[in-house]
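Presented below is the structure to which this report refers.
The values are calculated or read from the model by the stated rules, or taken from the named source; none is laboratory data. Keep in mind that this is a model prediction, so the values were computed, not measured. Cβ sites come from the backbone with ideal geometry, for glycine too, and all protein chains shown count toward neighbours.
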Amino acid sequence: MTDITTFLALRDGAAAADLASAIRRIEERTQFTGKPSGLTLTLTVSRSRQTRGALMLKCEIAVTLAKLERDGSAFFADDPRKESIPGN
């Protein structure tokens, strides 16, 4: 098995599908906001506790999406003709 085929076989292909989904999410958010997004792919290799001589591979994908701009609300403390701050 080559390196890429090993990755493609992780969790019966679910790891590759998760990676593809994460890439689509960061592409969409970056297109929408114009700001960078990213992902971190962590592959952990450890010895199997159950099967002698076997290795366990674990895949984790962390996505960092660009923050969306949130509009604020304008309030006026001194002008009764305009919307005042709630509670005043």
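Scanning the range 56-65 turns up one or more residues that are modelled with pLDDT of 95 or more and either part of a loop (DSSP other than H, G, I, E, B) or surrounded by fewer than 10 Cβ atoms within 10 Å (Cβ to Cβ) (or both).
The single condition among (1) part of a loop (DSSP other than H, G, I, E, B); (2) touching a residue at least 24 places away in the same chain (Cβ under 8 Å); (3) among the β-branched types (V, I, T) that T51 does not satisfy is (2).
Are any of the residues in the range 65-75 touching a residue at least 12 places away in the same chain (Cβ under 8 Å) and either hydroxyl-bearing (S, T, Y) or touching a strand residue (DSSP E or B) at 6+ places or on another chain (Cβ under 7 Å) (or both)? Checked against the condition, which is being touching a residue at least 12 places away in the same chain (Cβ under 8 Å) and either hydroxyl-bearing (S, T, Y) or touching a strand residue (DSSP E or B) at 6+ places or on another chain (Cβ under 7 Å) (or both), the range 65-75 yields no hits at all.
If the condition is being modelled with pLDDT of 95 or more, part of a strand (DSSP E or B) and either over 20 Å from the mean Cα position of the chain (by Cα) or surrounded by 10 or more Cβ atoms within 10 Å (Cβ to Cβ) (or both), then the range 1-45 contributes G38, L39, T40, L41.
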